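The structure under discussion appears below in the form of structure tokens.
The values are calculated or read from the model by the stated rules, or taken from the named source; none is laboratory data. Keep in mind the model is a prediction, meaning the values are calculated, not measured. Methodologically, a virtual Cβ is constructed for each residue, glycine included, from the backbone with ideal geometry; neighbour enumeration extends over all protein chains shown.
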Amino acid sequence: MRIADFVITAAVVAGLSGSAMAQTPSTSQTAPAPAAQANTNNYNNNNYSENDHWVASAFVGTNFGTGFSSDNLLGIDTSNTNTSFNFGGQVAYLWGGYVGVEGLAEFSPSFELTNILFENKPDVNTYMANGIVAGHWGEDNRFMPYASGGIGAVQMHSKIFVLDTINPDLTIGTLTQTGSRFGWDLGAGVMGFAGKWGFRGDVRYYRATTDNNVNLVDLGTGDVFTQGVLSGFRFWKANAGVAYRW
């Protein structure tokens, strides 16, 4: 009888233990993966005000306010107030988004100048290497006011009449001349962006150096005439166009 009681008791204990083990939750389940880390690209949210970057633009505009030094020797009409068309391009690199260097090239076919020796209106082109300083304001720093200035060349390309040295009232043909002078520029404007694309607009002053050591008796050779015309040459430009930054 005692043996039977022992067997029954052992069976009950074994059954209770198996039931408890079945109810114990597993601890080997995999923990949920952490959320993916957000993209930390430096240029998110147009954050160009804190990063080195490039800016390039193409533009069109007008020349105005043309003038010359008071002692220009070639009979240029210094009261000319006519405007003329120009176009050009700019590339700049900004360190930290605030200060940098800029290359600027502008072309003005048929520049409004008056002189009896011009067969037609000359081309006036400028090539400048500038320093540039920029600021940032507005939502996402989308507006960038700036000022820039530097040095370079002012170039003139023109076809002129060649006068008879015996009878200056007669012309004996035409001659194409291309001359350039050292010059400088100074301007200010603003660029605005929606992402990488935007607009650019500025007003800029140009001035060529003055040198009146010109041989007026020999205008028909070399680039003497264009060199003389460019002496003390100054003018303004107003431009607007598209811009891109990266």
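Scanning the stretch 117-137 for residues that are under 22 Å from Glu102 (Cβ atoms) and assigned to a loop (DSSP other than H, G, I, E, B) gives Gly135, His136.
Being in contact with an Asp or Glu (Cβ under 6 Å, 6 or more places away or on another chain), modelled with pLDDT under 90 and more than 15 Å from Lys237 (Cβ to Cβ), is that true of even one residue in the stretch 179-189? Checked against the condition, which is being in contact with an Asp or Glu (Cβ under 6 Å, 6 or more places away or on another chain), modelled with pLDDT under 90 and more than 15 Å from Lys237 (Cβ to Cβ), the stretch 179-189 yields at least one hit. The set of residues from the stretch 190-246 being at pLDDT 95 or above, closer than 24 Å to Phe111 by Cα and β-branched (Val, Ile, Thr) comprises Val203, Val242. Within the stretch 124-141, the residues that satisfy the criterion of being out of contact with any Gly (no Cβ under 6 Å at 6 or more places or on another chain) and crowded, with 17+ Cβ neighbours inside 10 Å are Val124, Asn125, Thr126, Ala134, His136, Asn141.
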